[in-house]
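So the structure is just underneath, and the comments pick up after that.
The values are calculated or read from the model by the stated rules, or taken from the named source; none is laboratory data. Remember, predicted model here, so these are calculated numbers, not experimental data. Because the Cβ atoms are built from the backbone with ideal geometry, glycine has one as well, and the counts that use them run over all protein chains shown.
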């Protein structure tokens, strides 16, 4: 333990003396809350703009009742002149509502009246607003159809065979976490960024500076050297994760989520629980970076390899986004995936079982120690020098 502590303190001091390395290690934790707050503000602005949707319309005089009804739903209209299809193609307009001259005549003669909504299906930024307009037109159609049935002494219930009603059981806190699902990924990425400098410098860096041979000639067991370096890299990685988590949570507590009907509130106890769940991941990532770094010929070479490692937490994150699933007990044994699940649950005010914490904690710690021992085995080879 004395040898491990000596190597650990030496690496911590060397890394702390290099101000540029410290700045690069912790620039992500300081930038993350700015990005999170800015993203929330952008979401609020986009939502507010949708609530104040202004629809360019051609032929509004042909359907005054429809226009008045949609205005009562909070939609505003502006008169449009020109080619609606070309305006949408040129992106001068998001969409254009066209009401033909025959609208009132067909509606009065109890025939189907058609309106056209010109839009660009390849634009994702206008998809939600297009669906809003289309939904309102369908709702107006349903109301007019009901009035026609009532006028003929027929109950509208005849046409309503099955009616669905959504009951959202998610709290405002859970909705906020769903909208800000990138936060757990940010925390995991902070571990990669914050500990990378130390992990690479203690392996590929020493190999490039030709100091690794001088270190290994000392009468110290190889795993003691590696464990000392591993703990130093893990400390930097852990600090990055905890700082990112704390700063991002603080930013979200002051973000204007209430303007879009969401709520975010978290206690100190929950922050501590998240920290306990994710800390072993920092040491796992550090050991993984050291294992990759020992095969690199230079510091820059190692950085390029380690950059690919960031895909490890990104892959399960995108799987969760594209194909949501209910967490199973065995998933908490998988490192990084278990941390993503735990952070999402805790931030959403769902209390995971104690066994989930144990699975996530010990599986990550065990795999990290195993990778560190593997690195120590490679340190025994002369080819590493």
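Brief remarks follow.
- Checked against (1) crowded, with 19+ Cβ neighbours inside 10 Å; (2) not assigned by TED's automatic domain parsing to the domain that holds residue 251, residue 76 passes all but a single condition, namely (1).
- Single condition residue 301 does not satisfy, out of (1) outside any helix (DSSP H, G or I); (2) surrounded by fewer than 18 Cβ atoms within 10 Å (Cβ to Cβ): (1)
So that you can scan it fast, the table gives a plain yes or no per residue for (1) free of Cβ contacts under 8 Å to residues at least 24 places away in the same chain; (2) more than 35 Å from the chain's Cα centre (by Cα):
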{"position": "54", "(1), (2)": "no, no"}
{"position": "75", "(1), (2)": "no, no"}
{"position": "80", "(1), (2)": "no, yes"}
{"position": "84", "(1), (2)": "no, yes"}
{"position": "124", "(1), (2)": "yes, no"}
{"position": "130", "(1), (2)": "no, no"}
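- Matching residues in the stretch 106-123 - criterion: being surrounded by fewer than 13 Cβ atoms within 10 Å (Cβ to Cβ) and either touching a strand residue (DSSP E or B) at 6+ places or on another chain (Cβ under 6 Å) or under 24 Å from residue 82 (Cα atoms) (or both): 114, 121, 122
- Verdict on residue 214 being closer than 23 Å to residue 8 by Cβ, in a helix (DSSP H, G or I) and at pLDDT 75 or above: no
- Some residue of the stretch 279-286 being in contact (Cβ under 8 Å) with a residue 24 or more places away in the chain, surrounded by 13 or more Cβ atoms within 10 Å (Cβ to Cβ) and more than 24 Å from residue 247 (Cα to Cα): no
- Just one of (1) surrounded by fewer than 17 Cβ atoms within 10 Å (Cβ to Cβ); (2) over 30 Å from residue 258 (Cα atoms) fails for residue 34. It is (2).
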